[in-house]
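Undergrad: To start, I am sharing the structure in question, which I have written as C-alpha cells.
The values are calculated or read from the model by the stated rules, or taken from the named source; none is laboratory data. On a predicted model such as this, the values are computed, not experimentally measured, just so you know. Here the Cβ is made from the backbone with ideal geometry for all residues, glycine too, and neighbour counts use every protein chain on show. What goes into the accessible areas is simple: the full protein's heavy atoms, side chains included, and nothing from ligands, DNA or RNA. Shrake-Rupley method; radii C 1.70, N 1.55, O 1.52, S 1.80 Å.
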Amino acid sequence: MANASEVVVRYLAMFLVLMTLPAFSTEKDNTVSASSMLSQTAGRWQGELQYRDYQSNTWQGLPMSVAIIAQPDEVTTVRTAQFDDGPQTGIVTITTVTLVDPVASTLSYAIFRRGRPTDVGLSRIVDVVQGADTSHWTIVTVETRKDGDEVAQVRETTTQDGDLLTTLKEVNPNDNEEVWLPRNRSVLRRTGS
C-alpha cells in the first residue's frame, strides 16, 4: 500500500502531464491554422512591393502583381510575383514555394529569380493570430539568415485583412538587442480567384 507522500507525488506527476497537453495541442493547432490560412490566399492579387528609403525615411513602391496557387496537400503554396524594376532590369519574376510543417512549427521555402542563386531557408512560426473569420489573421515567422553581408534575425509578419494582404519584412542585426528595422513590404489587394 502506498504511503501518503507517494500518492501526492503520483497525483502531482499526473497533474503536470495534463497541464502540458493543452500547450502541445495549441501549438499544433496554430500551425495547422497557419497552413490553412496561407492556402486560402490562393488567387490573384495586385498592389505594390515597397521598400524603405533610409535617406528620406519614406516608403517607395513598385507596382506588383501576384498569383498564389494552393496545392492539394493543403500545406504547400506557390506564389509568383512580378514587378517592373526599371529600364535596366525590366520585369522581375520571383517564384516562391512554401511548405508548412505542422509538427515542427516551421515554414520552409525556396525562392527562384532569374540571374540569382536559389534562396532556400527555414523559418520558425512564432505566432498565429486568428481574427474574426478566415479572411482576417496574422502569421509571424522568424529565422536567422544572411542579410546583405551580415547574419541577422529576419522576421516576416503576414496579415490578411479581408481582401488586403500585407507582408512586412524586418531585420534585427544585433543579437544583443531587440531592434527590428523594416526592410520591405508587399501591400496587395485581391483581384480574383
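Undergrad: Over segment 46-193, consider all pairs of different Cα atoms and compute the Kirkwood hydrodynamic radius from their mean reciprocal separation; express it in Å, one decimal. It would help to have the intermediate numbers written out before the result.
TA: Working: mean 1/r = 0.0604 Å⁻¹.
For segment 46-193, inverting the mean 1/r across all distinct Cα pairs yields 16.6 Å.
Undergrad: Per the 1.4 Å probe, what fraction of the accessible area of segment 60-147, in percent, lies on carbon and sulfur atoms?
TA: Numbers: 2800 of 4990 Å².
For segment 60-147, the apolar C and S fraction of the accessible surface comes to 56 percent.
Undergrad: Quick one: which residues, 5 or more positions from D127 or on another chain, have an amide H under 5 Å from its amide H? H modelled 1.01 Å from N in the peptide plane, none for Pro or chain starts.
TA: V140
Undergrad: Ordering L99, L49 by accessible area with a probe of 1.4 Å, largest first, what comes out?
TA: Ranking L99, L49 by accessible area, largest first, yields L99, L49.
Undergrad: Can you compute the radius of gyration and Dmax for segment 128-192, using only the Cα atoms, both in Å?
TA: In order Rg, Dmax, the Cα atoms of segment 128-192 give 13.9, 44 Å.
Undergrad: Residue by residue through segment 91-103, which ³J(HN,Hα) values in whole Hz follow from phi under the Karplus form 6.51 cos²θ - 1.76 cosθ + 1.60 (θ = phi - 60°), with glycine and proline marked x?
TA: 6, 9, 10, 10, 10, 10, 10, 10, 9, 8, 9, x, 6
Undergrad: Would you kindly find the accessible area of S33, with a 1.4 Å probe and non-protein molecules such as ligands, DNA and RNA excluded, rounding to the nearest 10 Å²?
TA: Rounded to the nearest 10, the figure is 40 Å².
Undergrad: Additional query: Just need the relative contact order of segment 79-193 here, percent rounded to a whole number, with Cα pairs under 8 Å and 6+ apart.
TA: Worked out over segment 79-193, it gives 13 percent.
Undergrad: While we're here: So, in nm, how far is label Y51 from label T134 when the simple model puts each one 7 Å beyond its Cα toward the Cβ?
TA: In this crude label model, Y51 to T134 measures out at 3.7 nm.
Undergrad: Not counting ligands, DNA or RNA, and with a 1.4 Å probe, what is K146's accessible surface area in Å² rounded to the nearest 10?
TA: For K146, the solvent-accessible surface is approximately 130 Å².
Undergrad: Taking θ = phi - 60°, what integer Hz values does the Karplus form 6.51 cos²θ - 1.76 cosθ + 1.60 yield along segment 152-163, in sequence order, with x for Gly and Pro?
TA: Whole-Hz 3J(HN,Hα) from phi for segment 152-163: 8, 7, 10, 10, 10, 10, 9, 10, 10, 10, x, 8.
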